[in-house]
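*Asks:* Before I ask anything, here is the structure I am working with.
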Amino acid sequence: MSTKLTIRPVTANDLVSIFEIETQSFGTESFNRRQFRYLAKSPTCHFVVADIDNQIGGYLILTTRRNSKVLRIYSIATKPRFRGLGIGEKLMNYTKDFARINAYNAISLEVKEANTVAITLYQKMGFTSISKKMDYYDEGENALVMRLTCKV
Ligand SMILES: CC(C)(COP(=O)(O)OP(=O)(O)OC[C@H]1O[C@@H](n2cnc3c(N)ncnc32)[C@H](O)[C@@H]1OP(=O)(O)O)[C@@H](O)C(=O)NCCC(=O)NCCS
């Protein structure tokens, strides 16, 4: 991508664009605006956006639990017209850097078993499937639990 991509903390002004990406990505299973406002302020969330020349190209929400050394990817999505350009991979590399800098032992996530695009991205980043959660999503779909052990 020839334009400049910056990964930076979310601000209140980003939430309209993020909500648009969310509904385009997850439809009826989207977080609502109130949930995003909550996540943006939560001390246990690390919420960032991919800013491409002042446009929001994607977002990433990481969560942490007290006394846990496992970082969780809570949500990640990129804007449909910016897909396939490397933004998802940059957000995943950001996650790996964040985990290393903050001394996490592992990164984990859940993904719909049928979401082959996201699963391909996670496998490319070194994640492997460690278990399955049956009927995890609203429509009764199963989740794959994927994990990456962080190198010290
Ligand atoms: C998954 C998602 C974040 C990927 O974002 P992206 O910006 O398009 O990803 P990138 O361009 O960085 O692609 C990186 C890798 O992902 C995989 N990938 C991306 N698009 C793909 C596609 N259409 N088919 C298969 N693999 C694909 C490839 O491994 C790709 O690497 P490559 O270009 O060397 O083949 C994006 O498709 C998205 O927002 N999907 C909807 C929301 C979602 O499903 N989020 C995950 C919920 S768990």
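Rule-based calculations on the coordinates, nothing more; no lab input. For clarity, every value in this text was computed on a predicted model and none was experimentally measured. Reconstructed Cβ throughout: ideal geometry from the backbone, glycine too, with neighbour counts over all protein chains shown.
*Asks:* Pop a pseudo-label 7 angstrom from the Cα along the beta-carbon direction at both V70 and K151 and give the gap in nm to one decimal.
*Replies:* Between V70 and K151, the label points sit 2.3 nm apart.
*Asks:* For T6 and A106, calculate 0.36 nm times their separation in residues minus their Cα-Cα distance, and state this gained length in nm to one decimal.
*Replies:* 33.5 nm
*Asks:* Report the charge-dipole magnitude of region 5-149 in Debye, nearest 20, computed about the Cα centre from +1 at each Lys and Arg Cβ and -1 at each Asp and Glu Cβ.
*Replies:* 560 debye
*Asks:* Same structure, new question: Would you work out which of F19, N142, S75 lies farthest towards the positive end of the dipole of region 5-149? Charges go on Cβ: Lys and Arg +1, Asp and Glu -1.
*Replies:* The residue sitting most towards the positive pole is S75.
*Asks:* Would you check the chain for Lys pairs whose C-alpha atoms are within less than 18 Å, ignoring same-chain pairs closer than 8 in sequence, and give me the count?
*Replies:* Lysine pairs, 8 or more places apart or on different chains, close enough: 12.
*Asks:* Could I ask something else about it? How big, in percent, is the set of alpha carbon pairs in the chain lying more than 19 Å apart?
*Replies:* Result: 54 percent of Cα pairs exceed 19 Å.
*Asks:* Follow-up question, since we're still on this one. Neighbour counts of other C-beta atoms within 10 Å: give me T95, T120, T63 arranged from fewest to most.
*Replies:* With the sparsest Cβ surroundings first, the list reads T120, T63, T95.
*Asks:* Nearest 500 deg cm²/dmol is fine: what mean residue ellipticity at 222 nm does the chain get from its DSSP H runs of n ≥ 4 alone, each adding -39,500 (n - 2.57), divided by its residue count?
*Replies:* Value at 222 nm, helices only: -9000 deg cm²/dmol.
*Asks:* Mind jotting down the three principal axis lengths of region 54-137 based on Cα atoms? Whole angstrom, largest first.
*Replies:* Over region 54-137, Cα extents along the principal axes are 38, 33, 21 Å.
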